Amino acid sequence: MSQFVDRRLSGKNRSAVNRQRFLRRFKTQIRQAVREAVSGRRVADLERGEKISIPAKDLSEPVFHHGPGGRRVIVHPGNREFVTGDRIDRPEGGAGQGGRGGSPDGEGLDEFVFELSREEFMNYFFEDLALPDLVKKQLTAVPEVKRVRAGFVSQGNPANLHVVRSMKQAIGRRLAMSAGARERLREAEAALEALEARGLGASPEAEALREEIEALRARVAAVPFLDTWDLRYAHRIDQPQPTSQAVMFCIMDVSGSMDEQRKNIAKRFFMLLYLFLTRSYEKIDLVFIRHHTVAMEVDEEDFFHSRETGGTVASSALTLMYDIIRERYPSAAWNIYCAQASDGDNWEGDSPRCRELLLGSILPVVQYYAYVEIESEHPQSLWHEYEYVKSLYPQQFAMQRIRGLEDIYPVFRELFRKKVPA
Amino acid sequence: MREDTAVGQRRPISEGSDWNFDLLRAYDREIARVAAQYGLDTYPNQIEVITSEQMIDAYSSVGMPVGYHHWSFGKQFMAIQKSYKRGQMGLAYEIVINSNPCIAYLMEENTMTMQALVIAHACYGHNSFFKGNYLFRTWTDAEAILDYLVFARNYIAECEERYGEEAVEEILDSCHALMNYGVDRYKRPARLSMAKEQARQREREEYLQSQVNLLWRTLPVKEAARREQREERFPPEPQENLLYFIEKHAPRLAPWQREIVRIVRKIAQYFYPQRQTQVMNEGWATFWHYTLLNHLYEEGRLTDGFMIEFLQSHTNVVYQPPYYSRAYNGINPYALGFNMFRDLRRICENPTEEDRRWFPELAGADWRKVLDFAMRNFKDESFIAQYLSPHLIREMRLFAVVDDDREDQLEVAAIHDDAGYQQVRRWLADQYNLGQREPNIQVWEVDLYGDRSLTLRHFMHQRRPLGESTPEMLKHVARLWGYDVYLESVDETGEVQYAEECRV
């Protein structure tokens, strides 16, 4: 007799553990593949889960098997033209005649292709990257507090009065305070009834009982309906919330000297940054500033996609950034990070001003400032000025040069490498 | 649901392609009734309805309903999932597990027709094969396999906790590589059950360790005694079961590692019959789903629509592309097996003069008894050698090609004609001989009193050399053995043709 079982609702994903084992084992190869995927692809594609291929030979499961050679007889079906004794040239790996000598896996593929989920892809991608020093600020900065419920208290302000709780309290108290009186009342009433039943309703004992009943009723009625003892107030306390809020300023040069290629590189750098940030921190504000001779705060869409041309005055962006910080992101409550991308080709008189702005107003309030110079032949004026800045703030200020697309990722990693506390 | 499913009733069981549990039961009852008429003897069935995702899961653990964890299953899973998602492959519509009760999976997405086909194929075809075939009866214990798999999974999980995932994985990798060399071909294995296994496991652990230590005792021996010892070979006879040898004699394995070797060995043994009876097993199941459903159709219990869908799928399964087709990938075991069983029935029922010459004892016999006998007492190799008829060789237009590396060209050695029938049959049977398909590698010698190295010997067949994976494989052997490992390929004259070594 057959037994039917509906298993459709019982666990799927039985292979999830095995899949994780696979990923763990081939971590190195997968990491390599992820890196290649990044350099060879449009960065915007990174948002999706990723198809990854790693060399099949690395993950083969070997068995003892026969190699080519020796003498073999193979029986094939579907003979059309052969008769016994025919001689045939060896086919060059053609379909069919190749026989069974092939790869032991049964699949002659060079690459093993599989898909990583977006989450997994990002994990490999951003492995051991973290915004510098976030932890420090997190723990030392004025903590944000959150009011949370913490039960009930007997004292408090009227606005927090908890009516239901207070009424419950009152009911209990009333029952307790009137219990003795009510019991005696019941006894007296019963006695009176008994007297009346015997026709002694007018006797002195009955009168006395009536008086007692009267008094007891008054006593029960005198128990207050609601007493100050009963009042309960909702209790709320301040729970410190560690801040992990950060703001990231992305500054990009879109001036005439930044040609398409360079803009492209800068865009990709910020896209990486953007992905990294949106993934790593729950609460993070992004401010996008692009500049040529004047700076403008724009939204993300405009930042990456619209085009402008003109000269370059980098200080305009720094000034704007400083204004925004003062206005919206008090440094006590926010971790401030900034990344600037430029070709370094700044208007000659402006570079010293940039340095002053950085040293005088910006670096004292930001956690970290990263500058990338893109595809410059040799260091430009801004670079020299910034080198001076770096010598003064080696911990807080970082600068790197990107020469081509393939540099983006290494530089990105270098800039945002997890800093191991010395 | 109707209860009155009397024989001879001419109403179809259902129309339309949707299934539900009542219909599944109705079909199962009808198929069971007909199967009983034909005398199929089966384990009770446990039929589980699962989703396609669960089917992928089941697939990737090589059909083990309970599996330990290993990355290779994850790799399998990802490969299947990918090709399934891209529509490169449909999932096979059935997995059936050789256990008692016999567990079969039905996929939720299938139509009623496909479910009925799977029930007939797996729950009555494969099931009766598992119960009847001598290899399965000898090598597997349907009662105990599920318990044993549970024991294996728990034991391995425990080891992972104690010794770390990586350490366990290393051992498993090496054991998996040697899995095909973990079977005793001539000894009947003992029955397994979880309770016994667990109780015995601890005893065995201590006992084994003491044995090994005795063997590898390092106390100095007198010179005379030593010379005497050198005369003795160890092992006295070459050993074909590498995993067994390693489990019992590897000097440096910890007890838990030995137990893992044993687990892999036992599982290899469980799958051993399946590898030897693919053609027969699939052929038998296909023959019976075809016969059972046609019988029901003739009774009027199945609609024409049902039959058309069924026949289309059946035809796909038993299609044998010819050698020159792009789709050709060797001989399709379903096609060969199905054709052979059908041909057997034909020989019994309508023998020709040729059949009477070739199979005098079969012509005119009761086909049910003949098929039942064939199913019970053969494996692929002997089944083909015994029953492949000239008629079928002609029908499939089989021909044999000799590929000799000393010749420039391939030679057609035999075709489907009077001169060739015997040879084609012999060669096709050989093709299914596991002993020939896999290199014959045995434990040759252990240098007990010297460097403790292990020497394996590959006995070459028809001068066929080992493949390129050999150095990698020796690393696995060396990992388990713990000391140097040598391998020699020896040709038919006893001359060493090739040697490889792996030093630790």
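Every number in this text was worked out from the coordinates using simple rules, so none of it is lab data. Only a predicted model underlies this, so the values are computations on that prediction, with no experimental measurement involved. FYI the Cβ positions are ideal-geometry reconstructions off the backbone, even for glycines, and counts take in every protein chain you see.
For chain B, with the dipole built from +1 on Lys and Arg beta-carbon atoms and -1 on Asp and Glu ones, taken about the Cα centre, which of B:THR138, B:ASN332, B:ASN20 lies farthest toward the positive end?
The one lying farthest along the dipole's positive direction is B:THR138.
With angles folded into 0 to 90 degrees, how steeply does helix B:165-177 sit against the dominant principal axis of chain B? Use alpha carbons for both and round to 10.
With both axes taken from Cα atoms, the answer is about 70 degrees.
Calculate how steeply helix B:145-163 sits against the longest principal axis of the alpha-carbon atoms of chain B, using the helix alpha-carbon long axis, and give the answer as 0 to 90 degrees to the nearest 10.
40 degrees
Between A:SER331 and A:GLU300, what FRET efficiency comes out of the Förster formula 1/(1 + (r/R0)^6) with R0 = 22 Å and r the beta carbon distance, rounded to 0.05?
Details: r = 23 Å, r/R0 = 1.06.
Using R0 = 22 Å, I get an efficiency of 0.40.
With the crude spin-label approximation of a point 7 Å out along Cα→Cβ, what separation in nm comes out for B:GLU158 versus A:VAL5?
Label at B:GLU158, label at A:VAL5, 2.4 nm between them.
Grab every C-alpha pair in chain B, bin the distances at 10 angstrom width from 0 up to the longest one, and report whole percents.
Spelled out bin by bin, chain B gives 3, 16, 24, 25, 18, 10, 4, 1, 0 percent.
For chain B, what is the charge dipole size about the Cα centre, in debye to the nearest 20, if Lys and Arg each add +1 at the Cβ and Asp and Glu each add -1 at the Cβ? Write out the running numbers ahead of the final one.
Details: 59 positive and 76 negative charges, 194 e Å.
Here the size comes out at about 940 debye.
Could you order the peptides B:432-445, B:295-308 from most to least packed, using the average number of other C-beta atoms within 10 Å per residue? Working shown, then result.
Values: B:432-445: 18.0, B:295-308: 16.5.
The most tightly packed comes first, giving B:432-445, B:295-308.
Suppose we keep just the DSSP beta bridges with both residues in chain B; what percent of those would be antiparallel, to 5? Display every interim value, and only then the final one.
Values: 19 of 31 bridges.
Taking every DSSP beta bridge within chain B, about 60 percent pair in antiparallel fashion.
Using the reciprocal of the averaged 1/r over all distinct C-alpha pairs, how large is the Kirkwood radius of segment B:251-368 in Å? Could the numbers behind the result be given before it?
On the way: mean 1/r = 0.0562 Å⁻¹.
For segment B:251-368, the Kirkwood estimate is 17.8 Å.
What does the structure give for B:469-480 when I average, per residue, the other chain Cβ atoms found within 10 Å of the residue Cβ?
Taking the mean over all residues of the peptide, I get 3.
From the residues B:GLN276, B:TYR244, B:GLN431, which one has its Cα farthest along the dipole of chain B in the positive direction, the dipole being from +1 and -1 charges on Cβ of Lys/Arg and Asp/Glu about the Cα centre?
The one lying farthest along the dipole's positive direction is B:TYR244.
Order B:487-498, A:261-272 from most to least packed using the mean count of other Cβ atoms within 10 Å.
On the way: B:487-498: 14.2, A:261-272: 20.4.
The densest-packed peptide leads the list: A:261-272, B:487-498.
Kindly flag which residue pairs out of B:LYS248/B:LYS475; A:LYS283/B:LYS85; A:LYS263/B:LYS75; A:LYS267/B:LYS85 have an alpha-carbon separation exceeding 31 Å in this structure.
A:LYS283/B:LYS85; A:LYS263/B:LYS75; A:LYS267/B:LYS85, as the Cα separations exceed 31 Å there.
Compute the FRET efficiency between B:GLN436 and A:GLU414 as 1/(1 + (r/R0)^6), taking r as their Cβ-Cβ distance and R0 = 60 Å, and round to the nearest 0.05.
0.55
Taking segment B:95-189, which trypsin sites (Lys or Arg not before Pro) meet the DSSP loop condition and have no more than 16 other C-beta atoms within 10 Å?
For trypsin sites (Lys or Arg not before Pro) across segment B:95-189 that sit outside H, G, I, E and B with at most 16 neighbouring Cβ atoms in 10 Å, the list reads B:ARG185, B:LYS187.
5 Å is the cut-off here: which amide hydrogens, built 1.01 Å from N in the peptide plane, fall below it relative to A:ARG401, excluding neighbours closer than 5 in sequence?
Here the answer is A:GLU373, since their amide H atoms fall under 5 Å of that of A:ARG401.
Rank by packing, highest mean first: peptides A:195-207, B:168-180, B:42-54, with packing defined as the count of other Cβ atoms within 10 Å averaged across residues.
Descending mean neighbour count gives B:168-180, B:42-54, A:195-207.
What's the FRET efficiency of B:ARG11 with B:GLU108 using the Cβ-Cβ distance as r and R₀ = 25 Å, to the nearest 0.05?
On the way: r = 27 Å, r/R0 = 1.07.
E between B:ARG11 and B:GLU108, to the nearest 0.05, is 0.40.
Which value in nm describes the separation of the simple spin-label points at B:ARG86 and A:LYS146, placed 7 Å from the Cα toward the beta carbon?
About 4.5 nm separates the two model spin labels.
What translational diffusion coefficient, to the nearest whole µm²/s, does segment B:326-457 have by Stokes-Einstein, given a Kirkwood radius computed over alpha-carbon pairs, a temperature of 20 °C and 1.002 mPa s viscosity? Numbers along the way, then the final one.
Numbers: Rh = 17.4 Å.
The Stokes-Einstein estimate is 123 µm²/s.
Ignore the peptide's own chain and count Cβ atoms of other chains within 10 Å of each Cβ in B:455-461; give me the average, rounded.
1
What residues qualify as long-range amide H neighbours of A:ARG232, i.e. H under 5 Å apart, gap of 5 or more or another chain, H built at 1.01 Å from N?
Those lying under 5 Å, H to H, from A:ARG232 are A:HIS162, A:SER166.
Using the Kirkwood formula on the Cα atoms of segment B:16-91, what hydrodynamic radius do you get, in angstrom to one decimal? Could the numbers behind the result be given before it?
Details: mean 1/r = 0.0657 Å⁻¹.
Taking the inverse mean of 1/r over all distinct Cα pairs, segment B:16-91 comes out at 15.2 Å.
What distance in nm separates the two pseudo spin-label positions at B:VAL150 and A:VAL17, each 7 Å out from Cα along the beta-carbon direction?
Placing both labels 7 Å along Cα→Cβ, they lie 1.5 nm apart.
If one takes the longest principal axis of the Cα atoms in chain B, at what angle in degrees, from 0 to 90 and to the nearest 10, does the Cα axis of helix B:278-298 lie?
It is inclined by approximately 20 degrees.
How long are the semi-axes of the equivalent ellipsoid of segment B:98-149, taking √(5λ) for every eigenvalue λ of the Cα gyration tensor, in whole Å from largest down?
Numbers: eigenvalues 119, 36, 7 Å².
Listed largest to smallest, the semi-axes of segment B:98-149 are 24, 13, 6 Å.
Using a 10 Å cut-off around each Cβ of peptide B:319-325, what is the average number of partner chain Cβ atoms that fall inside? Spell out each step's value before the answer.
On the way: counts 0, 2, 4, 6, 11, 9, 4.
Per-residue shielding by partner chains comes out at 5.
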